[in-house]
Structures are given as structure tokens and as C-alpha cells.
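Below is one structure, written out as C-alpha cells; comments come after it.
Just so you know, all these numbers are worked out from the coordinates, no wet-lab data involved. Being a predicted model, the structure only gives us computed values, none of them experimental. All Cβ positions, glycine included, derive from the backbone under ideal geometry; neighbour counts span all protein chains shown.
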Amino acid sequence: VKTFVEDTRSLIMGEPEDEYTTIQAGQATGELVGGNLSLFTKLVCGKYAVNVHDKILFLEELGFEAAPEMVNSNIYYLKQNGVFDRIAGLWIGNYEHPSKISLEKIITNAIGDEYKFPIIKSDNFGHIDKKIIIPIGTKAEINTNEKIKIKLVEKCVDEGK
């Protein structure tokens with residue numbers, strides 16, 4: 001187990017040299033929740049809705065399946081259902097569409113400066129070859145004043161003895 005943990009430590013939450021961009025400054029702590037935007041959108045309402053209250057929401061999208069118009073519609077759906085009213089922070093991942101429009105551009109156009117939570121962007125998760133493991137439900141912190149803008153603040157694996 002110890003060897004597995006040591007070998008995969010860099011896969012969890014990335015490497016120090018991974019590039020993170022600040023979209024909106026700030027600091028937030030909360031459990032990680034999220035995933036693919038199209039799928040996550042289906043989980044915000046109803047009996048089995050995902051609890052996003054005071055959580056750090058991470059979102060990515062598959063560019064060749066999701067046109068910018070669909071992505072925009074999904075972001076507005078999250079907004080209309082109060083998701084952005086309840087989250088502590090937002091972490092935007094990979095979205096590569098032939099139009100070259102970015103996921104952060106779509107999101108910032110939709111939400112404007114209405115919300116004060118921190119927003120960061122990285123291309124180290126999503127539908128890409130080199131991706132990190134994001135431990136859903138683990139507490140993390142976004143701090144846009146740090147070089148590594150997001151870090152885990154609790155253990156997500158048992159390191160064994």
C-alpha cells in the first residue's frame with residue numbers, strides 16, 4: 001500500500017509545475033464535488049440531488065460532444081437552480097472545442113461578477129491524456145495567492161503502516 005501511495009501521490013491533485021490560472025481571486029475551503037458538466041447538470045435537482053452547499057465545485061466538459069451553446073445552457077441551468085449561490089469555490093478543467101472558445105469564458109460570461117467565490121482554471125483534469133485524480137468528498141482549499149492554487153487539506157487515502 002505504501003508504494004502505491006508514494007507512486008500515485010503526484011497523480012492526486014497534480015504536480016507543483018501544473019499551471020493554474022486565477023479567474024477570480026479569493027480563498028475557500030470545502031469538500032470537492034463535481035465532474036463532467038453535462039452529467040453533473042443532471043444531478044442538481046430532484047430526490048438524489050448532489051449537495052453543493054459550501055463545496056468546491058469542479059467542472060470539465062468533452063469538447064467534441066458538447067458545443068459551446070450546450071455548455072452555456074448547462075451553466076445557466078446550474079445558475080438558475082442556485083448552484084452558484086451555494087458553492088464555496090469553482091475549479092474549471094479542460095474543454096477543447098474546435099471553436100477555441102474556453103470553458104472559463106463561457107462560465108464567466110454566464111455568471112458575470114455576480115458571485116464572489118474564487119475561481120481557478122487548470123488543464124490537468126478532464127478528457128485528456130495526462131490527468132490527475134480528484135478525490136471527490138475530500139476537503140480541499142483554493143487559495144489564489146499561492147503558487148499551487150488548490151490543495152488537499154485532509155487525507156484521501158490511508159497510507160498504511
| In the chain, what percentage of the DSSP-assigned beta bridges are antiparallel, given to the nearest 5? | 50
| task | Report, ordered by chain and residue number, the lysines lying within cross-link reach of LYS147, taken as a straight Cα distance under 30 Å and ignoring same-chain residues fewer than 8 apart. | result | LYS2, LYS55, LYS79, LYS100, LYS105, LYS116, LYS121, LYS130, LYS131, LYS139, LYS155
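For a test of the definition: using alpha carbon positions, the gyration tensor, and the 1.5 limit on a/c, classify region 69-161 as rounded, prolate or oblate. Present the calculation step by step, with values, prior to reporting the outcome.
Numbers: a/c = 2.00, a/b = 1.46, b/c = 1.37.
Prolate is the answer for region 69-161, as a/c is 1.5 or above and a/b outweighs b/c.
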| field | Order of CYS156, CYS45 - criterion: other Cβ atoms within 10 Å of each residue's Cβ, fewest first | value | CYS45, CYS156
| Charge tally in the Cβ shell below 15 Å around GLU65, where Lys, Arg are +1 and Asp, Glu are -1, GLU65 excluded | -3
| remark: Phi-derived 3J(HN,Hα) across region 121-133 with the Karplus relation (6.51, -1.76, 1.60, θ = phi - 60°), rounded Hz, x for Gly and Pro, is 9, 8, 10, 9, 8, x, 8, 9, 5, 9, 10, 9, 9
| message | Quick check on the exposure proxy: order TYR115, TYR20, TYR95 from fewest to most C-beta atoms within 10 angstrom. | response | TYR115, TYR20, TYR95
| message | With the crude spin-label approximation of a point 7 Å out along Cα→Cβ, what separation in nm comes out for SER38 versus ILE128? | response | 1.9
| query | Which of these values of Cα Rg over 2.2 N^0.38 Å was calculated from the structure shown: (1) 1.02; (2) 1.09; (3) 1.26? | reply | (1)
| remark: Between ALA140 and residues 5 or more places away or on another chain, the pairs with built amide H atoms under 5 Å apart involve GLY30, GLU31, LEU32, VAL153
| field | Paramagnetic reach from TYR77 (point 7 Å along Cα→Cβ, amide N under 20 Å) across region 28-59 | value | 33-53, 57-59
| note | Quick note on ASP85, ASP123, ASP158, ASP129, ordering by fewest other C-beta atoms within 10 Å, gives ASP129, ASP158, ASP85, ASP123
